[in-house]
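This report refers to the structure that appears directly beneath it.
The values are calculated or read from the model by the stated rules, or taken from the named source; none is laboratory data. These numbers come from a predicted model, not from an experiment. As a convention, Cβ positions derive from the backbone with ideal geometry for all residues, glycine included, and neighbour counts pool all protein chains shown.
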Amino acid sequence: MAEFLLGAAGFVLAMVALGLVRILRGPGDADRMMAAQLLGSGGIAALLLGGAAIGDDTVVDVSLTLALLAAFASIAFVQFAPPSSPGAPDDEERT
């Protein structure tokens with residue numbers, strides 16, 4: 001069972017690595033923020049799966065801290081992002 005959980009954690013980390021490409025090459029700020037949220041969610045999932053596989057309970061504390069930081073990042077993005085008007089073109093339409 002531990003091998004399956006570690007394999008699932010590896011798969012989640014591989015998917016998060018693909019999300020990092022979107023952070024670096026994302027067309028807009030919102031796309032980059034969503035990819036960063038994917039990074040936080042995937043990191044939490046990988047930590048919890050890895051912790052369950054090795055039987056370590058302290059991983060839950062680390063994953064909860066990561067979840068809190070991801071929530072604060074979203075709040076900061078919404079708070080400090082420049083407002084967009086309803087009819088404004090997206091980043092893709094400007095180029």
Task: Out of 13, 48, sole residue that is in contact (Cβ under 8 Å) with a residue 12 or more places away in the chain and more than 12 Å from the chain's Cα centre (by Cα) - done: 48
Open item on the list: Can you confirm whether residue 84 is of a type in the set (Ser, Thr, Tyr) and modelled with pLDDT of 85 or more?
Closed with: no
- [ ] Give the residues of region 65-78 that are of a type outside the set (S, T, N, Q) and free of Cβ contacts under 8 Å to residues at least 12 places away in the same chain, sorted by residue number.
- [x] 68, 71, 72, 75, 76, 78
Task: Residue ranges of helices (runs of 4 or more DSSP H) in region 1-81 with at least 3 members modelled with pLDDT of 85 or more and exposed (fewer than 13 other Cβ atoms within 10 Å of the Cβ) - done: 2-25, 59-80
Task: Residues located in region 20-45, provided they are touching a Gly at 6+ places or on another chain (Cβ under 8 Å) and over 20 Å from residue 78 (Cβ atoms) - done: 42
